[in-house]
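A short worksheet on the structure shown next.
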Amino acid sequence: MPFITVGAENSAPIDLYYEDHGSGQPVVLIHGFPFNGATWEKQSGPLLEAGYRVITYDRRGFGASSQPATGYDYDTFAADLDMIMTELDLRNAILIGHSMGTGEVTRYLGTYGSNRVDRAVLLAPLAPFLLKTADNPEGVEQSLFDGFKQAIRDDRFAYLTQFCQTFFNWDANKGKLVSEDAFRAHWNIGAQASAKGTLDCVDAWLTDFRGDLPRIDVPVLIVQGDQDMVLPYPVTGQRLQPMLPTATSVTLKGAPHGIPWTNAAEVNQAIMDFVSAPAMARR
């Protein structure tokens, strides 16, 4: 199994598990919370068939990566991504993030620039800023996130069931856009995550990305469902697009948060249209 060391905690290295397949222009897929790179299977296969080099990795604390007690903030997550980009010497790369993974893309471009990046895709984005403050009245009350953290402390596995239900809009989509088997598989993947990382990531969701946005100088595609109940569309993608002059937006009618799985065909077509791969867009 391939790993890249991004730091150390006491006597142990902090290693990120990654997979690197194919050849051609590199595409880096950055997963959502609380999952890992395995949840990209409906995108990674078609991307490989379309002639791309596909790199997935597990965020620290998730999947097969190390589970340190620290580093669950976007400055560290972006630094981890920079280590991957540098160690693999990726150039002209396409960065694709889903949900929490869009935070890495946004902070990376805001901090490290676009020297290694051709363009970016944000699926169900976290930006611009979730928390309600005096200068961000469109945001969400702090008490909601405090409740998430308490639920994780009380029973992380029960919280994970509730999260997956919201992730898929389960009541509306079970047996249609998502099977019970896929629901269970996502739950199992999330259950493998670090308990500390799962808890600490809630605070990371409240990162203010507004300062990063003016520094993004590559084309950006935003794709989100208008029935996203995890990161509500009016608070995130709908606000984000006007803040990014380089961005175009695709809204998926009736789609939930977990669009890489539930709406894979539409997501893949939007991505391939954006990166100019017509053969893949016809799939």
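Across the stretch 151-168, computed HN-Hα scalar couplings (Karplus, 6.51 cos²θ - 1.76 cosθ + 1.60, θ = phi - 60°) run 5, 5, 5, 5, 6, 4, 6, 5, 4, 5, 4, 4, 4, 4, 4, 6, 4, 9 Hz from first to last residue, x flagging Gly and Pro. Remark: spin-label model distance K253-D154 equals 3.9 nm, labels positioned 7 Å along the Cα→Cβ axis. Close amide-amide hydrogen proximity is noted between H257 and N169, M229, V230, each under 5 Å apart and 5 or more residues distant or on a separate chain (H modeled in the peptide plane; Pro and chain starts excluded).
In percent, rounded to a whole number, the relative contact order of the stretch 3-85 is 33, using alpha-carbon pairs under 8 Å and six or more apart.
Between the amide H of I222 and those of L122, T248, S249, V250, distances stay under 5 Å, these residues lying 5 or more places away or on another chain, with hydrogens modeled in the peptide plane.
Couplings 3J(HN,Hα) of the stretch 101-116, computed from phi: x, 5, x, 4, 4, 5, 5, 4, 5, x, 9, 9, x, 10, 4, 9 Hz, in residue order, whole Hz [Karplus 6.51 cos²θ - 1.76 cosθ + 1.60, θ = phi - 60°; x for Gly and Pro]. Ordering of 17-28, 127-138, 250-261 by packing is 250-261, 17-28, 127-138, highest average first (other Cβ atoms within 10 Å, averaged per residue). Which pairs break 31 Å Cα to Cα here: K149/K174; K196/K253; K132/K253; K132/K196? Pairs exceeding the cut-off: K196/K253. The HN-Hα couplings worked out from phi for the stretch 126-133 by the Karplus form 6.51 cos²θ - 1.76 cosθ + 1.60 (θ = phi - 60°) are 8, 5, x, 6, 7, 7, 6, 9 Hz, whole numbers, x standing for Gly and Pro. Taking other C-beta atoms within 10 angstrom as a stand-in for reagent exposure, T161, T262, T106 fall in the order T161, T262, T106, fewest first.
Each value in this text was obtained by applying a stated rule to the coordinates, not by laboratory testing. All values derive from a computational prediction rather than experimental measurement. Here Cβ is always computed from backbone atoms with ideal geometry, including for glycine, and neighbour counts include all displayed protein chains.
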